[in-house]
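Below is one structure, written out as structure tokens, with a few remarks after it.
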Amino acid sequence: AEYAKDAAKSKEPWKDWEVSASFDSTHWISCKSSPGWDSARHYRRKPKTVTINGIVVSKGLTEANYDTLVYIPALHLHEKYIAIRFEDTYQRSLERGLVHATKEDAIAMADALLACIQS
């Protein structure tokens, strides 16, 4: 349904979409044409990005469902992120673009923020 909305607005809606490169959806590749909607793969809109001190990272989620596993950059931890079940306590982090769907995105944001303060 979301892809159909994009197709109504764009002649090349696939440019804003990715397909999982593996069954576990940890690696994503850009769609090169209209997706085939293979049931063994996952599809998503490309994450929006932000540039922090010249480093491009995922902008973070704009909404999250209660009790969904999400990841937040944590500059003070060795792992550079925390994994939590989303609840109202994290609403401000969500509003600030700090809540991510993957730990890789949270780590990338932590790295970009650390690069700003360590340079």
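Structure notes:
- Candidates L113, L98: the one that is in contact with a Leu (Cβ under 7 Å, 6 or more places away or on another chain), within 21 Å of N53 (Cα to Cα) and open to solvent by 30 Å² or more (accessible area, probe 1.4 Å) is L113.
- The condition (being touching a His at 6+ places or on another chain (Cβ under 7 Å), closer than 30 Å to C116 by Cα and of a type in the set (V, I, T)) is satisfied by just one residue among V50, V56, V99, V70: V70.
- Where K11 falls short, out of the listed (1) at negative phi; (2) surrounded by 14 or more Cβ atoms within 10 Å (Cβ to Cβ); (3) of a type outside the set (S, T, N, Q): (2)
- Of all residues assigned to region 95-102, none qualifies as being farther than 21 Å from V56 by Cβ and of a type in the set (A, V, I, L, M, F, W, C).
- Meets criteria (among the aromatic types (F, W, Y), more than 20 Å from E18 (Cβ to Cβ), in contact (Cβ under 8 Å) with a residue 12 or more places away in the chain and in contact with a helix residue (DSSP H, G or I) (Cβ under 8 Å, 6 or more places away or on another chain)) for Y81: yes
- The one condition from (1) open to solvent by less than 50 Å² (accessible area, probe 1.4 Å); (2) under 20 Å from H27 (Cα atoms); (3) modelled with pLDDT of 95 or more that A83 does not meet is (1).
- Residue list for region 34-64, restricted to those being open to solvent by 90 Å² or more (accessible area, probe 1.4 Å), of a type in the set (S, T, N, Q) and touching a strand residue (DSSP E or B) at 6+ places or on another chain (Cβ under 6 Å): none
- Subset of region 1-33 (residues that are out of contact with any strand residue (DSSP E or B) (no Cβ under 9 Å at 6 or more places or on another chain) and of a type outside the set (A, V, I, L, M)): K5, K9, S10, K11, E12, P13, S22, F23, D24, K32, S33
- Filter result for the condition that a residue is modelled with pLDDT of 90 or more, at positive phi and open to solvent by 60 Å² or more (accessible area, probe 1.4 Å), over D16, D88, D67: D67
- D67 being in contact with a Lys or Arg (Cβ under 6 Å, 6 or more places away or on another chain), of a type in the set (D, E, K, R) and farther than 25 Å from A21 by Cα: yes
- Single unsatisfied condition, A74 versus (1) open to solvent by less than 40 Å² (accessible area, probe 1.4 Å); (2) within 29 Å of D6 (Cβ to Cβ); (3) touching a Lys or Arg at 6+ places or on another chain (Cβ under 8 Å): (2)
The values are calculated or read from the model by the stated rules, or taken from the named source; none is laboratory data. Please read these numbers as outputs of a predicted model, since none were measured by experiment. Methodologically, a virtual Cβ is constructed for each residue, glycine included, from the backbone with ideal geometry; neighbour enumeration extends over all protein chains shown. The protein model used for the area step is the full one, side chains on, heavy atoms only, and it has no ligands, DNA or RNA in it. Shrake-Rupley method; radii C 1.70, N 1.55, O 1.52, S 1.80 Å.
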